[in-house]
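In what follows, a single structure is set out as structure tokens and then discussed.
The values are calculated or read from the model by the stated rules, or taken from the named source; none is laboratory data. The structure displayed is predicted, hence computed values, not measured ones. Cβ placement follows ideal geometry from the backbone for every residue including glycine, while neighbour counts extend to all protein chains displayed.
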């Protein structure tokens, strides 16, 4: 079966870097995603990485993928109070042909001024 | 309008009521999804529709009944719900394709459902 796990909570100070970690189980995943959810809102796609890459950078966001260990991380540089939200890791479950994404339980990021 | 729109944003219903949640996507996507988000639990996939056909029902109780009349609209019909069904119900859409395609979802803002 498929499973995606994340730590539940992370607290950082404004200006510091944040690193949110995720582990997944499906070794055939082709894409892995990071979503952000602000209070009262749906999930917003932040970034994604293809499984043949080990790093992707997009402005303040850096995604690292260790496919051997099935470990994904999201680094947010110069974290701002507006980055406070819940961050979800997701994998595309390739055993299904429906494009189903499996989500972790989300990491709440608290940014202190 | 653009993106994925869900209505209503909030819904309070009694256990004997019948109500429907609506989702509309303006992205030209060919797949739509219902997810349930409860406090302190992972997102639970409920239903998947590809090209208007239901391709997955994730052991969802029959008191939840989906309907997809076309690739732009998705409904979730609710009847005789239980208090534990109170949650945020999220709709999403994506573009499915052959080969290696980024299947990222676009989510709506959700309907906050409270069953009393």
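Has the range B:12-24 got any residue that is within 11 Å of another protein chain (Cβ to nearest Cβ) and either under 13 Å from the mean Cα position of the chain (by Cα) or part of a strand (DSSP E or B) (or both)?
Yes, some residue in the range B:12-24 is within 11 Å of another protein chain (Cβ to nearest Cβ) and either under 13 Å from the mean Cα position of the chain (by Cα) or part of a strand (DSSP E or B) (or both).
Go through the range B:36-63 and count every residue that is free of Cβ contacts under 8 Å to residues at least 60 places away in the same chain, closer than 28 Å to residue A:87 by Cβ and either within 12 Å of the chain's Cα centre (by Cα) or in a loop (DSSP other than H, G, I, E, B) (or both).
Total meeting the criteria: 16.
Residue A:17 - would you say it is modelled with pLDDT under 90 and in contact with a strand residue (DSSP E or B) (Cβ under 8 Å, 6 or more places away or on another chain)?
For residue A:17, the condition - modelled with pLDDT under 90 and in contact with a strand residue (DSSP E or B) (Cβ under 8 Å, 6 or more places away or on another chain) - is not met.
If I filter the range A:20-36 down to residues being modelled with pLDDT of 95 or more and closer than 18 Å to residue B:105 by Cα, which single residue comes out as surrounded by the most Cβ atoms within 10 Å (Cβ to Cβ)?
Residue satisfying both the conditions and the ranking: A:35.
Kindly indicate which of B:48, B:115 is more than 19 Å from residue A:103 (Cβ to Cβ) and surrounded by 16 or more Cβ atoms within 10 Å (Cβ to Cβ).
Step by step, each of B:48, B:115 is checked, and only B:115 is more than 19 Å from residue A:103 (Cβ to Cβ) and surrounded by 16 or more Cβ atoms within 10 Å (Cβ to Cβ).
What number goes with the only condition from (1) out of contact with any strand residue (DSSP E or B) (no Cβ under 6 Å at 6 or more places or on another chain); (2) surrounded by 17 or more Cβ atoms within 10 Å (Cβ to Cβ); (3) in contact (Cβ under 8 Å) with a residue 60 or more places away in the chain that residue B:17 does not pass?
Only one criterion is unmet by residue B:17, namely (2).
Pick out the one residue from B:70, B:57 that is more than 10 Å from chain A (Cβ to nearest Cβ) and farther than 29 Å from residue A:8 by Cα.
B:70
Could you check residue A:42 against (1) away from every other protein chain (no Cβ under 13 Å); (2) free of Cβ contacts under 8 Å to residues at least 60 places away in the same chain and say which number it fails?
(1)
On the basis of being within 14 Å of chain B (Cβ to nearest Cβ), modelled with pLDDT of 95 or more and either buried (at least 16 other Cβ atoms within 10 Å of the Cβ) or within 19 Å of residue A:3 (Cα to Cα) (or both), does residue A:85 make the cut?
yes
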